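First the structure, in the form of structure tokens, and then the observations on it.
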Amino acid sequence: MTYTPAKVWKWDAENGGKFASTNRPIAGSTHEKTLKTGKHPLQLYSLATPNGVKVTVMLEELLALGHTGAEYDAWLIDIQEGDQFGSGFVDINPNSKIPALLDTTTGSRVFESGAILLYLAEKFGALLPKDLAARTECLNWLFWLQGSAPYLGGGFGHFYAYAPEKFEYPINRFAMEAKRQLDVLDRNLADRAYLAGDEYTIADIATAPWYGALVKGQVYDAAEFLDVKSYKNLNRWADEIFDRPAFKRGKMVNRSWGEADEQLPERHDASDFNTTPKQS
């Protein structure tokens, strides 16, 4: 049956698949809820989706480099329960998307995962090249990721894995785009160790939780469908990054599903990685 759009679109609150209960066409908070704060300079409010993992990996990498000012409290925001529409969260991110960061040393709110990575890289002078040409190449790939990932997640991932019904056209359209993006990355990594060159940067930290997870079969259960093993350079890169201790730690933070030893719903101290998962 062919769908004919109405002259004026109207919201159907039941439409939207897995996230229908929280999706809506207006911004702003739905309820009053004060965010918790901890003892560290950086307060992170997030969930271990690919966008959330970017930031917790970045923070763990900074700590591994000796930047003690990057100590942080990570608070769980359950997007399926609508925590992102609480008044406190909306004050930090008016777009109601995780992750959101509050830097108590400056009073700065930082939202959008790419902006948070860039903010932290500049604040601590790490994981972002200082040479103009190298910095520009790093930012090329950071912004490539920010522009491309919605086609993978909201496009392919939604229609292939989450939509209430499967339709050939959107799945094929976004599968084609996902494979084009995988090829872009694979070709780029044919003659360099990391996305921006021989140096590990925020471009890699941003991209691995999306495209690295995809080729390692960790999102959307689509590895065979997209023939991800054929992207040899991308798989080599993903294996190397996923083996980094800081990446392994960061991937656990704000995760409340999966195997127990892979979860750390909230993180308030480095010693939390050695404790049984427990949500405060």
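Looking for whichever is of a type in the set (Val, Ile, Thr) and surrounded by fewer than 17 Cβ atoms within 10 Å (Cβ to Cβ) here; the options are Thr4, Thr22, Thr49. Which one fits? It would help to see each step written out before you state the result.
On the way: Thr22 fails: surrounded by fewer than 17 Cβ atoms within 10 Å (Cβ to Cβ); Thr49 fails: surrounded by fewer than 17 Cβ atoms within 10 Å (Cβ to Cβ).
Among Thr4, Thr22, Thr49, only Thr4 is of a type in the set (Val, Ile, Thr) and surrounded by fewer than 17 Cβ atoms within 10 Å (Cβ to Cβ).
Just wondering, is there one or more residues in the range 56-70 that are in a strand (DSSP E or B), more than 15 Å from the chain's Cα centre (by Cα) and farther than 15 Å from Tyr119 by Cα?
We begin by selecting, within the range 56-70, every residue in a strand (DSSP E or B); these are none.
Among the residues of the range 56-70, not one is in a strand (DSSP E or B), more than 15 Å from the chain's Cα centre (by Cα) and farther than 15 Å from Tyr119 by Cα, which makes the answer no.
Does the range 31-55 hold any residues that are part of a loop (DSSP other than H, G, I, E, B) and charged (D, E, K, R), and which are they? Talk me through it step by step, then tell me what you get.
Applying the first criterion (part of a loop (DSSP other than H, G, I, E, B)) to the range 31-55 yields 32-41, 47-49.
Result: Glu32, Lys33, Lys36, Lys39.
Report yes if Ser108 is buried (at least 16 other Cβ atoms within 10 Å of the Cβ) and among the polar types (S, T, N, Q), otherwise no.
So Ser108 fails the test.
Can we say Asp221 is without any contact (Cβ under 8 Å) to a residue 60 or more places away in the chain and either surrounded by fewer than 23 Cβ atoms within 10 Å (Cβ to Cβ) or closer than 23 Å to Pro99 by Cα (or both)? Can you show your working first?
Values: without any contact (Cβ under 8 Å) to a residue 60 or more places away in the chain: no; either surrounded by fewer than 23 Cβ atoms within 10 Å (Cβ to Cβ) or closer than 23 Å to Pro99 by Cα (or both): yes.
So Asp221 fails the test.
Might you let me know whether the range 55-78 holds any residue that is more than 13 Å from Ile202 (Cα to Cα) and aromatic (Phe, Trp, Tyr)? Show your work before the answer.
First pass over the range 55-78, keeping only residues more than 13 Å from Ile202 (Cα to Cα): 63-78.
Okay, now just the ones that are also aromatic (Phe, Trp, Tyr), so 72, 75.
Within the range 55-78 (the criterion being more than 13 Å from Ile202 (Cα to Cα) and aromatic (Phe, Trp, Tyr)), the answer is yes, since at least one residue qualifies.
Cβ-Cβ under 7 Å, sequence separation 6+ or interchain: first residue in the range 227-238 and within 13 Å of Lys179 (Cα to Cα), partner at pLDDT 95 or above and crowded, with 22+ Cβ neighbours inside 10 Å. Which pairs?
Val228/Leu214; Val228/Val215; Tyr231/Val215; Leu234/Leu185; Leu234/Tyr211; Leu234/Val215
Kindly check whether there is at least one residue in the range 270-279 that is hydrophobic (A, V, I, L, M, F, W, C), free of Cβ contacts under 8 Å to residues at least 60 places away in the same chain and over 20 Å from Asp73 (Cβ atoms). Even if it seems obvious, please write down each step before you answer.
Taking the range 270-279 and keeping what is hydrophobic (A, V, I, L, M, F, W, C), we get 270, 273.
Remaining after also requiring free of Cβ contacts under 8 Å to residues at least 60 places away in the same chain: 273.
Next cut, over 20 Å from Asp73 (Cβ atoms) only: none.
Checking the range 270-279: not a single residue is hydrophobic (A, V, I, L, M, F, W, C), free of Cβ contacts under 8 Å to residues at least 60 places away in the same chain and over 20 Å from Asp73 (Cβ atoms).
Scanning for something in contact with a helix residue (DSSP H, G or I) (Cβ under 6 Å, 6 or more places away or on another chain), in a loop (DSSP other than H, G, I, E, B) and either among the acidic types (Asp, Glu) or on the phi < 0 side of the Ramachandran plot (or both), does the range 10-28 turn up at least one residue? Walk me through it before giving the result.
Step one: list which residues in the range 10-28 are in contact with a helix residue (DSSP H, G or I) (Cβ under 6 Å, 6 or more places away or on another chain), which gives 17-18.
Right, trim to in a loop (DSSP other than H, G, I, E, B) and you get none.
No, that holds for no residue.
Any idea how many residues of the range 191-210 are crowded, with 24+ Cβ neighbours inside 10 Å, not in a helix (DSSP H, G or I) and not hydrophobic (A, V, I, L, M, F, W, C)?
Of the residues in that region, 1 qualify.
Could you tell me whether Asn235 is over 22 Å from the mean Cα position of the chain (by Cα), of a type in the set (S, T, N, Q) and in a helix (DSSP H, G or I)?
On the way: over 22 Å from the mean Cα position of the chain (by Cα): no; of a type in the set (S, T, N, Q): yes; in a helix (DSSP H, G or I): yes.
In short, no.
Yes or no, residue by residue, for (1) under 19 Å from the mean Cα position of the chain (by Cα); (2) in a helix (DSSP H, G or I):
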site	(1), (2)
Gly212	yes, yes
Lys229	no, yes
Phe247	yes, yes
Trp257	yes, no
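Mind counting the residues in the range 1-22 that are modelled with pLDDT of 85 or more and not β-branched (Val, Ile, Thr)? Working first, answer last.
Here is the first cut: in the range 1-22, the ones modelled with pLDDT of 85 or more are 3-12.
Checking the rest, the ones that are also not β-branched (Val, Ile, Thr) come to 3, 5-7, 9-12.
Adding up the residues that qualify gives 8.
Determine if the range 266-275 includes at least one residue that is at pLDDT below 95 and farther than 25 Å from Glu137 by Cα.
Of the residues in the range 266-275, the ones at pLDDT below 95 are 274-275.
From what is left, the residues that are farther than 25 Å from Glu137 by Cα are 274-275.
Checked against the condition, which is being at pLDDT below 95 and farther than 25 Å from Glu137 by Cα, the range 266-275 yields at least one hit.
The values are calculated or read from the model by the stated rules, or taken from the named source; none is laboratory data. As the structure is a computational prediction, the values presented were derived from the model and not from experiment. Using ideal geometry, Cβ is built from the backbone for each residue, glycine included, and neighbour counts are taken over all protein chains shown.
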